[in-house]
1. GluC sites (Glu not before Pro) within the stretch 55-131: which are DSSP loop residues with at most 15 other Cβ atoms inside 10 Å?
2. Can you compute the radius of gyration and Dmax for the stretch 38-109, using only the Cα atoms, both in Å?
3. Compute the long axis of helix 89-98 from its Cα atoms, compare it with the longest principal axis of the Cα atoms of the chain, and write down the angle in degrees, 0 to 90, nearest 10.
4. For the chain, what does -39500 (n - 2.57) per DSSP helix run (n ≥ 4), summed and divided by total residues, give at 222 nm, in deg cm²/dmol to the nearest 500?
5. Working from Cα positions, state the angle (0 to 90°, nearest 10) between the long axis of helix 230-245 and the longest principal axis of the chain.
6. Going by alpha carbons, how many degrees (0 to 90, nearest 10) lie between the helix axis of 248-257 and the longest principal axis of the chain?
7. What whole-number volume per residue, in cubic angstrom, does the convex hull of the C-alpha atoms of the stretch 127-207 give?
8. So if the hydrodynamic radius of the chain is defined as the Kirkwood radius over C-alpha pairs, what does Stokes-Einstein give as its diffusion coefficient at 25 °C and 0.890 mPa s, in µm² per second?
Amino acid sequence: MKRMKATKIAALAAALMLALGLMVGCSGDNSSDGDYKLIQDGKLTVAASCDFPPFETLDGDTPTGYGIAVIQEVANRLGLECEIKNTTFDTIVPAVAGGEQFDVGVSSITIDPEREEQVDFSDPYYIADQSIVVRAGSYASVEELEGKTIAAQSGTTGYDYALENVSDDVVGYTEATACFAALQSGNCEAVAIDLPVSESMIAQAYPDCEILERVATGEEYGIAINKDNTALTEAINKILAEMEEDGTLEKLEAEYLG
Ligand code: ARG
């Protein structure tokens, strides 16, 4: 009896210690920060398609924009260096899913069910609509674009939108910016692209183009993360929440999106 009791007490004590340990583990700040995997120690390796101002673009050779600033601050708060690798948009989700090249993808990537089959997404950090852009004065309504050539970046929601709703002749361009060059030179009749980007492109470089239609798609931009790295998704979400709370996201929006 006595021996059994001692065993029982030992078992209880062990269970209690385990429970306490777990509690400490759960409540401790940044407790999970060490659990995630990184391609390279001490560094967040980021895929970004730098052809999407004002979210991801290049200033000379330096990546810049709202999405870039957000991930740089996330890396900073994780105590990591941030390396941005300029990457073709439609290769980013598959590459993050492959788990060998990049820790995350940041490219104004709209969270959608098809992509969610391949990668996990952080909580959204921005919400955007779609737009249809034409040469100023060339068309009065989107209906007139039926059967005309529409340019969109390959693999984007704008591409899918144009094909489903505007015309069956949609041409995919590797770079978002190339769609505007095609529009200006008459190689297409319209561009389908996220609204904040068309506003920025028109204001910065294409004053002879105009937005024919704004489409309230309310697309949520998320950071793409490998499905086997849920600890990284959690760590990033925690930091995004902090950045929302302390006004950092708002400050960066004002800085980059005006
Ligand atoms: N939001 C759109 C999508 O997810 C377009 C994103 C394009 N991003 C870029 N950096 N070029 O399909």
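Derivation of every value follows stated rules applied to the coordinates shown; laboratory data play no part. Please read these numbers as outputs of a predicted model, since none were measured by experiment. Note that we place each Cβ from the backbone using ideal geometry, even for glycine, and neighbour counts take in every protein chain shown.
1. On the way: sites: GLU56, GLU73, GLU81, GLU83, GLU100, GLU114, GLU116, GLU117; in loops: GLU100, GLU117.
For GluC sites (Glu not before Pro) across the stretch 55-131 that sit outside H, G, I, E and B with at most 15 neighbouring Cβ atoms in 10 Å, the list reads GLU100, GLU117.
2. 11.2, 30
3. Tilt relative to the chain: about 20 degrees.
4. -12500 deg cm²/dmol
5. Between helix and principal axis, roughly 70 degrees.
6. Taking Cα atoms only, the helix is inclined about 20 degrees.
7. Cα-based convex hull of the stretch 127-207, divided per residue, equals 86 Å³.
8. On the way: Rh = 20.2 Å.
Rounded, D is 122 µm²/s.
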